[in-house]
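What follows is a set of notes on a single structure, which appears directly below.
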Amino acid sequence: MTEDILIAPSILAADFARLGEEIAAIDSAGADWIHCDVMDGHFVPNISFGADVIKAIRPLTKKVFDVHLMIAPTDPYLEAFAKAGADFITVHAEAGPHLDRSLQAIRSLGRKAGVSLCPSTPEAAIEYVLDRIDLVLLMTVNPGFGGQSFIGSQIEKIKRIRTMIGERPIRLEVDGGITRDNAAAVAAAGADTLVAGSAVFRGNSAADYAANIAAIRIAAEAGRVPAGRMRVSDGGRIR
Ligand code: DX5
Ligand code: ZN
């Protein structure tokens, strides 16, 4: 686990009336990925936006588009999200009976494939697809809404999934209720990619967003320093 921490602001928390400006703001504020939450009002009890919105904002930044599909079924729409410019397409393990097929379809479209798990879904759901994925997106709230509180039981699941991943080149992303206060704990458990909506889009300028992103990143990086490198003689200062 040597890769850098990545921060993926969720545009669900952006001002939709100024979506283009908000994308430019998080781009200049240091976002690594742009997290796009697609909701259908069926798999989750909320509706957000679809492939046409992603297509419209795609030219506004060169950052990686991390598209989180909270829709069922998924397969009929994968091509549209690939064409819209998604780099990662993530489907929920709970969204249909043929996860393996969906993941093969995403890779055959030339995109990176992700699997998301709801908080109540055991990590065993991904055991037999680990060689077909580039990303695990672990929900740390029940999907459907921004601004919810982090579910603490998921720390143990992050640790278990980190062990399952082993040396595979798979990113472990956490999503829901992530703040500067719990970023260290999720990174210490093994997360390397942090989605944050309301904790990033607090304030109303690129400078505010930059401070928010930096605070989450610094906390996460500190959390991932192995305990053995902290010296009491330094007052626990992280070097
Ligand atoms: C929830 C979404 C999240 C959400 C995160 O269904 O998948 O990406 O936007 O928002 P916060 O960070 O506010 O919990
Ligand atoms: Zn999400």
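Laboratory data are not the source of any read-out in this text; all were calculated from the coordinates shown. None of the values given here were measured: they were computed from a predicted structure. All Cβ positions, glycine included, derive from the backbone under ideal geometry; neighbour counts span all protein chains shown.
Annotations for the structure displayed:
- Conditions (1) within 16 Å of ligand 2 (Cβ to nearest atom); (2) under 18 Å from the mean Cα position of the chain (by Cα); (3) in a helix (DSSP H, G or I): number failed by Val67: (3)
- Selection within the range 150-183 - among the small types (Gly, Ala, Ser) and either closer than 20 Å to Ser120 by Cα or touching a Ser or Thr at 6+ places or on another chain (Cβ under 8 Å) (or both): Gly152, Ser153, Gly176, Gly177
- Scan of the range 1-45 for residues that are within 17 Å of Asp192 (Cβ to Cβ), more than 14 Å from ligand 2 (Cβ to nearest atom) and touching a Leu at 6+ places or on another chain (Cβ under 6 Å), ordered by number: Asp32
- Hey, Lys83 assigned to a helix (DSSP H, G or I), surrounded by fewer than 19 Cβ atoms within 10 Å (Cβ to Cβ) and either touching a Phe, Trp or Tyr at 6+ places or on another chain (Cβ under 8 Å) or on the phi < 0 side of the Ramachandran plot (or both) or not: yes
- Check on Ile57, free of Cβ contacts under 8 Å to residues at least 60 places away in the same chain, at negative phi and within 16 Å of ligand 1 (Cβ to nearest atom): yes
- Residue pairs whose Cβ atoms lie under 7 Å apart, sitting 6 or more positions apart in sequence or on different chains, and linking a residue in the range 95-106 that is under 17 Å from Val38 (Cβ atoms) to a partner that is in a loop (DSSP other than H, G, I, E, B) and of a type in the set (Gly, Ala, Ser), are Ala95/Ala72; Gly96/Ala72; Ser102/Gly96.
- All positions within the range 89-113 that are surrounded by fewer than 24 Cβ atoms within 10 Å (Cβ to Cβ), within 16 Å of ligand 1 (Cβ to nearest atom) and hydrophobic (A, V, I, L, M, F, W, C): Ala93, Ala95
- Inclusion of Ser116 among residues that are surrounded by fewer than 18 Cβ atoms within 10 Å (Cβ to Cβ) and of a type in the set (S, T, N, Q) is not warranted.
- Residue identified as more than 16 Å from ligand 2 (Cβ to nearest atom), within 14 Å of the chain's Cα centre (by Cα) and either farther than 28 Å from Ile47 by Cβ or not in a loop (DSSP other than H, G, I, E, B) (or both) among Ala187, Ala207, Ala215, Ala211: Ala187
- Among residues of the range 192-210 that are more than 13 Å from Ala8 (Cβ to Cβ) and touching a residue at least 60 places away in the same chain (Cβ under 8 Å), those with a beta-carbon under 7 Å from a residue that is in a loop (DSSP other than H, G, I, E, B) and away from ligand 1 (no atom under 16 Å from the Cβ) at least six positions away or on a different chain give the pairs Ala210/Gly30.
- Some residue of the range 135-152 being without any contact (Cβ under 8 Å) to a residue 60 or more places away in the chain, more than 15 Å from ligand 2 (Cβ to nearest atom), assigned to a helix (DSSP H, G or I) and surrounded by fewer than 16 Cβ atoms within 10 Å (Cβ to Cβ): no
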